[in-house]
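J.: Provided herewith is a single structure, encoded as structure tokens, for subsequent inquiry.
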Amino acid sequence: MPDTPTTPALLDAFHALLGPAGVLTGADMAPHLTDWRGLYRGRALAVLRPASTEQVAELVRLCAAAGVAMVPQGGNTSMVAGATPDESGGQVVISTARLNRIRDIDPIDMTMVCEAGVILKHAQDAAREAGCLFPLSLGAEGSCTLGGVLSTNAGGNTTVRYGNARELMLGLEAVLPDGSVWHGLRRLRKDNTGYALRHLLVGAEGTLGIITAAALRLFPLPREEAVALCAVADEEAALALFRRFRARDEGVVRAFEYISGAAMDLVLDHVPGAVLPLAARAGHYVLVDLASSRPGAGLRGLLESVLEEALAEGEVIDAALAESEAQRAAIWRLREEQPEGQRRAGASVKNDVSVPLSRVPEMIRRCRAALTALIPGSRPVPFGHIGDGNIHMNLAQPPDMDPAAFLARSEEIMACVNAVVRDLGGSFSAEHGIGRIKTGMMEDWRGGAELAAMRAIKRALDPLGLMNPGKVLP
Ligand code: FAD
Ligand code: 2HG
Ligand code: ZN
């Protein structure tokens with residue numbers, strides 16, 4: 001931002017409100033100005049670190065009065081650059097890092113009230129200490145925040161059993177773009193009282209206000225678990241195996257994840273310590289994770305008997321069943337390191353897409369063929385939450401291609417995948433959101449009445465357009 005006369009006065013006001021620990025400027029802002037994928041480098045007037053809801057509200061009022069745009073930021077793990085400021089230098093980042101208190105855990109109501117900056121892993125740990133389960137689980141859980149996962153309606157590994165972040169949320173506290181505080185931290189399972197504002201803010205990616213706290217649902221802790229990594233014959237076999245488990249006992253399938261052979265190879269070849277617990281590498285893998293809160297649920301027996309059936313049918317080629325907590329963690333690590341494996345292997349383009357379950361095999365095959373025809377030598381590396389119909393249909397660069405030249409073709413690559421996904425009745429953004437990267441797709445995919453309604457909502461709540469502008473809406 002050009003150094004207008006208002007800027008020093010505004011910075012003074014930020015300092016007066018938040019103290020020295022609450023305002024970052026200069027080089028201290030660096031980690032907050034780039035996205036996790038390293039695709040954008042923004043600038044900002046300041047990074048502001050409020051420590052209470054009242055401070056967030058006062059900050060929003062100050063920014064609104066000065067016409068300064070605000071970018072809410074949690075753990076900055078967005079896959080779509082949703083929490084990165086633009087290049088103008090005139091925006092402020094509002095970090096929730098100091099809104100990190102767990103306000104209440106109630107094992108009778110099975111609820112938990114946490115501030116927005118609580119790290120997801122800390123919320124899981126606190127729930128477990130209270131004898132309960134907070135089931136949301138994803139690779140970034142050690143650094144992403146509850147405000148971030150709610151604002152993106154994150155999915156992750158356990159959606160197949162517990163739903164997306166939205167399904168785990170009962171109520172919210174938030175600061176709206178005019179600086180008013182909405183006290184909606186209700187912990188009710190039933191509450192039909194007009195428009196569900198809480199559901200507007202979930203998935204809004206910080207464009208309608210800043211979530212400061214949330215009331216979340218808890219579940220009984222699992223008493224039995226069973227995990228296996230399976231080599232499967234092809235994409236159809238992966239889906240068939242899911243259907244076998246679902247038919248036997250849908251309620252115990254906690255996660256069901258697909259990893260293509262090419263994606264697994266990148267982890268095995270580039271991530272130190274990654275070891276395949278099977279006799280040989282395969283073209284396709286499935287990670288199946290069963291859990292039950294019922295003692296004596298017999299999950300090990302269920303796992304073995306379903307896998308035996310599938311082996312006999314030729315769907316499963318080989319399987320490794322975890323015999324210890326260490327083996328369980330090692331199997332899960334092969335799944336969780338997928339983004340890291342792709343990052344280490346050079347440039348890659350992400351396509352976070354979903355299709356109806358029955359169409360997943362066709363989607364993967366058609367995208368693979370279309371992508372390799374588009375860029376010969378490129379490596380399709382699909383993996384993801386097949387039980388939800390959500391595959392990360394990613395493309396790794398040809399090993400001998402210049403990474404920048406490959407990334408310059410991102411739009412074409414995404415369009416190539418999206419054409420197949422659209423044909424199969426899917427979505428171009430399953431769980432990561434729109435952020436900055438996918439705004440250009442909104443008109444095409446959500447245009448007409450749907451986008452008009454979204455714009456009307458945005459105008460009504462944020463008439464000055466200061467809440468995370470340039471994200472979500474084109
Ligand atoms: P940020 O990245 O800081 O912000 C994300 C968006 O939410 C931005 O638009 C930001 O402005 C907004 N925001 C943040 N906090 C608030 C708030 N308090 N109020 C209002 N708006 C806010 N996503 C999945 O869905 N499933 C996965 O399996 C998954 N795995 C991942 C694995 C890795 C290794 C990484 C790096 C990311 C993964 N993600 C996944 C993507 C990411 O969406 C999640 O990590 C998480 O939802 C983002 O949380 P965050 O706190 O980092 O939010
Ligand atoms: C996951 O499922 C994340 O691991 C990241 O959603 C997906 O890296 C990706 O494309
Ligand atoms: Zn994912």
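Quick grid of which residues meet (1) touching a residue at least 12 places away in the same chain (Cβ under 8 Å); (2) surrounded by fewer than 22 Cβ atoms within 10 Å (Cβ to Cβ); (3) in contact with a Ser or Thr (Cβ under 8 Å, 6 or more places away or on another chain); (4) over 30 Å from residue 434 (Cα atoms):
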{"position": "276", "(1), (2), (3), (4)": "yes, yes, no, yes"}
{"position": "295", "(1), (2), (3), (4)": "yes, yes, no, yes"}
{"position": "309", "(1), (2), (3), (4)": "yes, yes, no, yes"}
{"position": "316", "(1), (2), (3), (4)": "yes, no, no, yes"}
{"position": "336", "(1), (2), (3), (4)": "yes, yes, no, no"}
{"position": "344", "(1), (2), (3), (4)": "yes, yes, no, no"}
{"position": "348", "(1), (2), (3), (4)": "yes, no, no, no"}
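J.: Then there is this: List the helices (runs of 4 or more DSSP H) that sit entirely inside region 42-156 and contain at least 3 residues that are open to solvent by 40 Å² or more (accessible area, probe 1.4 Å).
T.: Values: elements: 53-66, 120-129, 146-151.
Helices (runs of 4 or more DSSP H) meeting the threshold: 53-66, 120-129.
J.: For region 69-79, how many residues are more than 8 Å from ligand 1 (Cβ to nearest atom) and either without any contact (Cβ under 8 Å) to a residue 60 or more places away in the chain or out of contact with any Pro (no Cβ under 9 Å at 6 or more places or on another chain) (or both)?
T.: Count: 0.
J.: In region 44-78, which residues are of a type in the set (A, V, I, L, M) and within 18 Å of residue 20 (Cα to Cα)?
T.: 44, 45, 46, 47, 48, 51, 56, 59, 62, listed by residue number.
J.: Now a separate question. Quick one: in region 365-378, which of the residues that are outside any loop (DSSP other than H, G, I, E, B) and touching a residue at least 24 places away in the same chain (Cβ under 8 Å) is nearest to the chain's Cα centre (by Cα)? Explain how you work it out, then say what you get.
T.: Step one: list which residues in region 365-378 are outside any loop (DSSP other than H, G, I, E, B), which gives 365-374.
If we keep only those that are touching a residue at least 24 places away in the same chain (Cβ under 8 Å) as well, we get 365-367, 370-371, 374.
Working: 365: 25, 366: 25, 367: 22, 370: 26, 371: 24, 374: 28 Å.
Residue satisfying both the conditions and the ranking: 367.
J.: Kindly list the number of the only condition in (1) within 16 Å of ligand 3 (Cβ to nearest atom); (2) within 22 Å of residue 436 (Cβ to Cβ) that fails for residue 136.
T.: If we test residue 136 against (1) within 16 Å of ligand 3 (Cβ to nearest atom); (2) within 22 Å of residue 436 (Cβ to Cβ), just (2) comes out false.
J.: Take residue 221 and decide whether it is at pLDDT 95 or above, farther than 16 Å from residue 454 by Cα and open to solvent by less than 60 Å² (accessible area, probe 1.4 Å).
T.: Answer is yes for this residue.
J.: Then there's this: Working carefully through the options 18, 33, 24, 11, find the one that is of a type in the set (A, V, I, L, M, F, W, C), under 23 Å from the mean Cα position of the chain (by Cα), surrounded by fewer than 22 Cβ atoms within 10 Å (Cβ to Cβ) and modelled with pLDDT of 95 or more. Let's see the steps before the verdict.
T.: Details: 18 fails: under 23 Å from the mean Cα position of the chain (by Cα); 24 fails: under 23 Å from the mean Cα position of the chain (by Cα); 11 fails: under 23 Å from the mean Cα position of the chain (by Cα).
That would be 33, the only listed residue that is of a type in the set (A, V, I, L, M, F, W, C), under 23 Å from the mean Cα position of the chain (by Cα), surrounded by fewer than 22 Cβ atoms within 10 Å (Cβ to Cβ) and modelled with pLDDT of 95 or more.
J.: From the list 362, 323, pick out the single residue that is outside any strand (DSSP E or B) and closer than 27 Å to residue 411 by Cα.
T.: On inspection, the qualifying residue turns out to be 362.
J.: Please verify whether region 410-424 includes one or more residues that are open to solvent by 30 Å² or more (accessible area, probe 1.4 Å), of a type outside the set (D, E, K, R), over 25 Å from residue 240 (Cα atoms) and out of contact with any Cys (no Cβ under 8 Å at 6 or more places or on another chain).
T.: Pass one, region 410-424, residues open to solvent by 30 Å² or more (accessible area, probe 1.4 Å): 411-412, 415, 419, 422-423.
Subset that is of a type outside the set (D, E, K, R): 415, 419.
So of that shortlist, the ones also over 25 Å from residue 240 (Cα atoms) come out as 415, 419.
Checking which are out of contact with any Cys (no Cβ under 8 Å at 6 or more places or on another chain) leaves us with 415, 419.
Yes, because at least one residue in region 410-424 is open to solvent by 30 Å² or more (accessible area, probe 1.4 Å), of a type outside the set (D, E, K, R), over 25 Å from residue 240 (Cα atoms) and out of contact with any Cys (no Cβ under 8 Å at 6 or more places or on another chain).
J.: Counting just the residues of region 423-444 that are touching a strand residue (DSSP E or B) at 6+ places or on another chain (Cβ under 8 Å) and not small (Gly, Ala, Ser), which one comes out nearest to residue 370 (Cα to Cα)?
T.: Checked region 423-444; the qualifying residue nearest to residue 370 (Cα to Cα) is 428.
The values are calculated or read from the model by the stated rules, or taken from the named source; none is laboratory data. Quantities reported herein were computed from a predicted structural model and do not represent experimental measurements. FYI the Cβ positions are ideal-geometry reconstructions off the backbone, even for glycines, and counts take in every protein chain you see. Accessible surface is based on the protein model in full, side chains and every heavy atom, while ligands, DNA and RNA are left aside. Shrake-Rupley method; radii C 1.70, N 1.55, O 1.52, S 1.80 Å.
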